[in-house]
Amino acid sequence: MKSGKSRHVPLKPGESVDAFMEGRLQLIQSARGYRFSADSILLSRFVTTRKGDWVVDLGAGCGVIGLMLLLEKPIGRVVCLEIQAALADQARRNAALNGFREKMSVILGDIRHPPLSPSIAHLVVCNPPYRPARSGRINPDPERAIARHEILASLNDLLSAALRLMKPKGRIAMVYPAARLADLMVRLRSFGLEPKRMRMLHPEPQEEAKLVFIEAARGAGGGLKILSPLVGQGDCSISIST
């Protein structure tokens, strides 16, 4: 799917525009603050979508996952929920910059109390802050800290919101640390979300898995498909255009 780029999206101080995928995707980001990671791109390419799906992105940041899905999948609409005002504003402008103003909505709000109608999503996606709030060094930059640590929302908060927002046979796809996979599987099932597809990311072929990409379905029966592993950046071919 091609998008019509707008040439009239303003930048704010401290922001830059990066072009990816040979210019097909342009993103406004903070030059020194929070910037999206390859995890988001890999997640957008892992998820299963169906034609016309409505997608909700919880903690959308600058909107990269929704924009990737609109560029590469035949989905109907993306609704982005983001609690940080500056990132939500970037996501709105990124939707306009990439010609998706009519197909991507951005809502400023809290995952714990999502200001969205129930049962609107066929698919919920999330690249959550997956470091426990009291673990490791907290980044002094607030945007980065909230994006990486469970400061404003826990895994239970996220799954509760996803369950409220998804349709009866809806799905959730997310990325999480491989070391916390057992906890994630237990939590998913406790919310009635059955893991159906999984893929591990290894930094190097001989190294332990670092991340896991997982998709679960509401009210589904058992049966988990484990896909071939990704190594390094996997199939994340989203080079910056010069």
Considering only residues of segment 159-174 that are of a type outside the set (K, R) and not in a helix (DSSP H, G or I), which is nearest to G109 (Cα to Cα)?
M166
Exactly one of G23, G52, G63 is more than 16 Å from the chain's Cα centre (by Cα), of a type outside the set (D, E), at positive phi and at pLDDT 95 or above, and that residue is G52
The correct count of residues that are open to solvent by less than 10 Å² (accessible area, probe 1.4 Å) and out of contact with any Lys or Arg (no Cβ under 9 Å at 6 or more places or on another chain) in segment 83-95 is 4
Looking at P118, P74, P140, P132 in this structure, which one is open to solvent by 30 Å² or more (accessible area, probe 1.4 Å), modelled with pLDDT under 95 and over 28 Å from L11 (Cα atoms)?
P132
Exclusive hit being over 17 Å from the mean Cα position of the chain (by Cα), more than 18 Å from G170 (Cα to Cα) and among the acidic types (D, E), set D39, D18
D18
For a quick check of your reading of the model, give me the residue pairs whose first member lies in segment 21-32 and is over 26 Å from A85 (Cα atoms), whose second is crowded, with 16+ Cβ neighbours inside 10 Å, with beta-carbon atoms closer than 6 Å and at least 6 apart or on different chains.
M21/I238
From the list E215, E208, E194, which residue is in a loop (DSSP other than H, G, I, E, B), modelled with pLDDT of 95 or more and either over 25 Å from G109 (Cβ atoms) or open to solvent by less than 30 Å² (accessible area, probe 1.4 Å) (or both)?
E208
For R92, work out the one condition from (1) within 26 Å of Y176 (Cβ to Cβ); (2) modelled with pLDDT of 95 or more it doesn't fulfil.
(1)
Positions within segment 167-211 being hydrophobic (A, V, I, L, M, F, W, C) and in contact with a His (Cβ under 7 Å, 6 or more places away or on another chain), in sequence order
A209
What do you reckon, is S105 closer than 30 Å to P74 by Cβ, in contact with a strand residue (DSSP E or B) (Cβ under 8 Å, 6 or more places away or on another chain) and at pLDDT 95 or above?
yes
So, R164, is that one crowded, with 17+ Cβ neighbours inside 10 Å and among the charged types (D, E, K, R) or not?
no
Residue ranges of helices (runs of 4 or more DSSP H) in segment 26-98 with at least 2 members among the β-branched types (V, I, T):
64-72
Conditions (1) open to solvent by less than 10 Å² (accessible area, probe 1.4 Å); (2) in a loop (DSSP other than H, G, I, E, B): number failed by E102
(1)
Could you list, in sequence order, all residues of segment 151-208 that are of a type in the set (D, E) and within 18 Å of the chain's Cα centre (by Cα)?
D157
Considering segment 30-64 alone, what residues qualify as being closer than 13 Å to A91 by Cα and hydrophobic (A, V, I, L, M, F, W, C)?
F36, L58, A60, C62, V64
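The values are calculated or read from the model by the stated rules, or taken from the named source; none is laboratory data. The structure displayed is predicted, hence computed values, not measured ones. We place every Cβ from the backbone using ideal geometry, glycine too, and count neighbours over all the protein chains shown. Calculation scope for accessible area: heavy atoms of the full protein, side chains included, ligands and nucleic acids excluded. Shrake-Rupley method; radii C 1.70, N 1.55, O 1.52, S 1.80 Å.
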